[in-house]
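To start, the structure under review is shown below, and the notes come after it.
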Amino acid sequence: MNTPIIMAAFGTTSHALATYQNIDQHIRRRFAEHPVSWAYSSRIVNRRLEEGGKGTYNHPLEAVQIIQEQGYRQAVIQSLHLLPGQEFHQLFRDCRQAAIPCHIGMPLLTSPQDYRKMIDCLAPLIVARPDKAILLIGHGTNHPIWVAYHALEGIFRRCFGNRIFVGVVEKSPDSEKVPEEIAAVGFRQVCMIPLLLVAGMHYARDVIGAGENSWLARLQRQGLEVESIAQGLGLQPQFCEIIIDHIEEALLHADQQKPPSRPGK
């Protein structure tokens, strides 16, 4: 029996579900011989989806229990978190409680190669706008991994120059002054690129929302002309290759640690 793959996402109740569907198509095509299922770590999202008639999604531990009952003796759980922050570490702790071995596919920005592939993924959007500042907007976190946003900015600036800026919608790193910094450099136009897997609630509310504290409003108060890419990373060409690479690594580890066959099997 080929090791099943569980795609572990936070979940979304918005139209951005199409992003997950796009990722699912890529994964099923690449790993056609492996059972693939999805699990959402947010129980609130799971409940709202079920109440809204949009399907039933399990928590990762529940998904593991289901495949165990089907006779599988191990699983790969691929994290769809961008960075190894609080939610990823909670997923890791949850999986340690599972009754069968779970091999975790690492978050999507973990290795230096991942950052290089992210640059390749977003390069067409950046290169096509040579006269604009580029603002990458992520979620933000209170976990010590918050420094990765500064690393990301530095890595992108090495490739595209000082017109690259990185901000977040909440928590750390503090990006309150970023709109002023963009205007102070002399830019009059800026393109916002969501550094989010899906352009869901945070994109609609915190990036392009009508509220005075949205990124759109803050940039416009600086006299900037704002363009926004209305797609999350999961819909960007080449991005799914990062996910596929991580699944392949987890499957390799699973094969190396594969439990011995039961007697008579």
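The values are calculated or read from the model by the stated rules, or taken from the named source; none is laboratory data. What you see is a predicted model; the values in this text were computed from it and never measured. Cβ coordinates were reconstructed from backbone atoms using ideal geometry, including for glycine residues, and neighbour counts include every protein chain displayed. All accessible areas refer to the heavy atoms of the entire protein, side chains included, with ligands and DNA or RNA removed. Shrake-Rupley method; radii C 1.70, N 1.55, O 1.52, S 1.80 Å.
Observations, loosely collected:
- Degrees, to the nearest 10: 60-69 long Cα axis against longest axis of the chain: 20 degrees
- Relative contact order %, the chain, counting alpha carbon pairs below 8 Å whose residues are six or more apart: 20 percent
- Loop trypsin sites (Lys or Arg not before Pro), segment 180-247 (other Cβ atoms within 10 Å of the site Cβ: 13 or fewer; DSSP): Arg188
- For segment 117-212, the Kirkwood radius over C-alpha pairs fed into Stokes-Einstein at 37 °C and 0.692 mPa s yields D = 238 µm² per second.
- Accessible-area composition of the chain, carbon plus sulfur, in percent [1.4 Å probe]: 49 percent
- Helix 17-30 vs. the chain, principal-axis angle (Cα, 0 to 90°, nearest 10): 50 degrees
- Aspartates and glutamates with Cα under 18 Å of Lys132, excluding same-chain neighbours fewer than 8 positions away: Glu153, Glu180, Glu181, Glu225, Glu227
- Per residue, in Å², the accessible surface of the chain once ligands and nucleic acids are set aside, probe 1.4 Å: 49 Å²
- Distance between modelled label sites at Ala184 and His26, nm, 7 Å Cα→Cβ extension: 3.7 nm
- Rounded to the nearest 10 degrees, the inclination of helix 147-160 to the longest alpha-carbon principal axis of the chain is 60 degrees.
- Rg to Rh, two decimals, where segment 103-145 supplies the alpha carbon set and Rh follows Kirkwood: 1.06
- Using a probe of 1.4 Å on the protein chains alone, the accessible area found for His150 is around 100 Å².
- Segment Val147-Leu17, extension gain: residue separation times 0.36 nm, minus the distance between their alpha carbons: 43.9 nm
- In Å, descending, principal axis extents of the Cα set of the chain: 73, 40, 32
- Cysteines in the chain that, by Cβ-Cβ distance, have no pairing candidate under 4.7 Å: Cys121, Cys159, Cys191, Cys240
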